[in-house]
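For reference, the structure discussed in these notes is given below.
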Amino acid sequence: MSTEPVPDEKTGPTEPAPDETTGTTDDIIVVRGLTKSYDGVAVVDHIDLTVREGEIFGILGPNGAGKTTTLEMIEALRPIDEGTVSVDGIDVARQPQKVRSIIGIQLQSSTFFEKITLTEQIRMFASFYGVKVDPMELLGAVDLVEKAKAYPEKLSGGQRQRFSIATAMINTPRVLFLDEPTTGLDPQARRHLWDLVRDIRARGITIVLTSHYMEEAQTLCDRLAIMDSGKIIALDSPAQMISDLLDRGFSKAASVERADLEDVYIDLTGKGLRD
């Protein structure tokens with residue numbers, strides 16, 4: 001008779017690691033039992049997840065699902081009620097300033113000093129971190145060299161998003177957080193920003209992003225978590241999630257399209273940015 005233990009049946013989409021506190025050596029973010037409540041209601045409800053070093057990890061969910069609150073706790077911007085979070089081995093609750101020094105945050109709506117040029121703003125932000133940077137190198141990384149002497153108020157929506165990413169990279173972060181980075185952008189600007197995200201990952205920077213664009217998440221993310229009502233209801237690669245759905249018997253009208261309307265639009269108007 002076998003004495004091997006029988007593993008428990010999987011009961012949910014959580015992702016326990018071999019070590020419940022530290023995860024594996026490949027994990028740069030480890031979240032265990034993370035919880036946040038307001039007026040007795042858990043808006044983030046005992047969630048577990050890990051983000052592997054060097055991957056693009058997405059968090060999806062409807063408005064009010066708990067995505068932003070989750071990210072703000074990971075980023076040391078909001079107090080944690082229960083559970084633990086570590087970023088690159090640093091406990092977020094115990095050493096929030098140390099965590100903030102190794103991450104970059106690009107917000108969906110960033111505020112800049114409107115009468116200070118992009119170059120001057122980069123130097124100013126660098127002084128906050130106590131580091132020296134080459135503003136032209138950062139602007140070059142986001143295709144904004146020609147706007148070096150421009151003011152933020154003169155930037156288009158796409159340019160402003162790219163400048164926001166440039167400022168989030170001033171401290172050479174280990175992890176870059178992107179909050180709906182392509183919201184409001186036209187197709188050319190959106191696809192260009194996808195390329196930028198891939199370029200940043202190629203530099204060895206781990207990326208965590210939120211998005212309401214399913215195509216964007218499927219195109220960019222190595223793995224993603226889907227949240228609803230404060231819980232993670234799925235966590236896997238986009239391809240595996242689609243495969244699991246099909247295995248459950250899902251089907252829709254057969255239609256194999258080699259192109260879509262966005263492809264038509266870009267083919268007719270060109271891939272170049274219209275900044």
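Please go through segment 1-59 and pick out each residue that is over 28 Å from GLU216 (Cα atoms), aliphatic (A, V, I, L, M) and modelled with pLDDT of 50 or more.
Scanning segment 1-59 gives VAL41, ALA42.
What number of residues in segment 87-139 are part of a loop (DSSP other than H, G, I, E, B), open to solvent by less than 50 Å² (accessible area, probe 1.4 Å) and free of Cβ contacts under 8 Å to residues at least 60 places away in the same chain? Working first, answer last.
We begin by selecting, within segment 87-139, every residue part of a loop (DSSP other than H, G, I, E, B); these are 88-89, 92-95, 101-102, 107-117, 130-134.
If we keep only those that are open to solvent by less than 50 Å² (accessible area, probe 1.4 Å) too, we end up with 92, 102, 110, 112, 116-117, 133.
Retained after the next criterion (residues that are free of Cβ contacts under 8 Å to residues at least 60 places away in the same chain): 92, 110, 112, 116-117, 133.
Result for segment 87-139: 6.
Of everything in segment 182-209 that's closer than 23 Å to VAL31 by Cα and of a type outside the set (Ser, Thr, Tyr), which residue is most open to solvent (accessible area, probe 1.4 Å)? Walk me through it before giving the result.
So in segment 182-209, the residues closer than 23 Å to VAL31 by Cα come out as 201, 204-209.
Among the residues that remain, those that are also of a type outside the set (Ser, Thr, Tyr) are: 201, 204-205, 207-209.
On the way: ARG201: 71, GLY204: 40, ILE205: 14, ILE207: 0, VAL208: 3, LEU209: 1 Å².
Only one residue tops the list, namely ARG201.
Would you check if there is a residue in segment 160-172 being free of Cβ contacts under 8 Å to residues at least 40 places away in the same chain, buried (at least 20 other Cβ atoms within 10 Å of the Cβ) and closer than 20 Å to THR206 by Cβ?
Checked segment 160-172: at least one residue is free of Cβ contacts under 8 Å to residues at least 40 places away in the same chain, buried (at least 20 other Cβ atoms within 10 Å of the Cβ) and closer than 20 Å to THR206 by Cβ.
May I ask you to list the residues in segment 145-159 that are more than 16 Å from ILE116 (Cα to Cα) and open to solvent by less than 20 Å² (accessible area, probe 1.4 Å)?
Answer for segment 145-159, where residues must be more than 16 Å from ILE116 (Cα to Cα) and open to solvent by less than 20 Å² (accessible area, probe 1.4 Å): just GLY158.
Please go through segment 25-64 and pick out each residue that is hydroxyl-bearing (Ser, Thr, Tyr) and farther than 25 Å from VAL197 by Cα.
Listed by number, the residues that qualify are THR35, SER37, TYR38.
Cβ-Cβ distance below 7 Å, separation of 6 or more or different chains: which pairs start in segment 51-69 with a residue that is closer than 25 Å to ASP26 by Cβ and end on one that is open to solvent by 30 Å² or more (accessible area, probe 1.4 Å) and assigned to a loop (DSSP other than H, G, I, E, B)?
ARG52/ASP26; GLU53/ASP26; GLY54/GLY204; GLU55/ASP222; ILE56/ASP222; PHE57/ASP222
For THR35, indicate whether it is of a type in the set (Ser, Thr, Tyr), farther than 18 Å from ALA168 by Cα and crowded, with 16+ Cβ neighbours inside 10 Å. Give the derivation first.
Values: of a type in the set (Ser, Thr, Tyr): yes; farther than 18 Å from ALA168 by Cα: yes; crowded, with 16+ Cβ neighbours inside 10 Å: yes.
Answer is yes for this residue.
Output the qualifying pairs, or none if there are none: Cβ atoms under 9 angstrom, residues six or more apart or on different chains, first residue in segment 263-275 and over 24 Å from GLU146 (Cα atoms) and open to solvent by 50 Å² or more (accessible area, probe 1.4 Å), second residue of a type in the set (S, T, N, Q) and at pLDDT 65 or above.
TYR265/GLN188
Among the numbered criteria (1) farther than 30 Å from ASN63 by Cα; (2) out of contact with any helix residue (DSSP H, G or I) (no Cβ under 8 Å at 6 or more places or on another chain), which one does ALA150 miss?
(2)
The values are calculated or read from the model by the stated rules, or taken from the named source; none is laboratory data. On a predicted model such as this, the values are computed, not experimentally measured, just so you know. Note that we place each Cβ from the backbone using ideal geometry, even for glycine, and neighbour counts take in every protein chain shown. Surface accessibility is based on the protein's heavy atoms, side chains included, excluding ligands, DNA and RNA. Shrake-Rupley method; radii C 1.70, N 1.55, O 1.52, S 1.80 Å.
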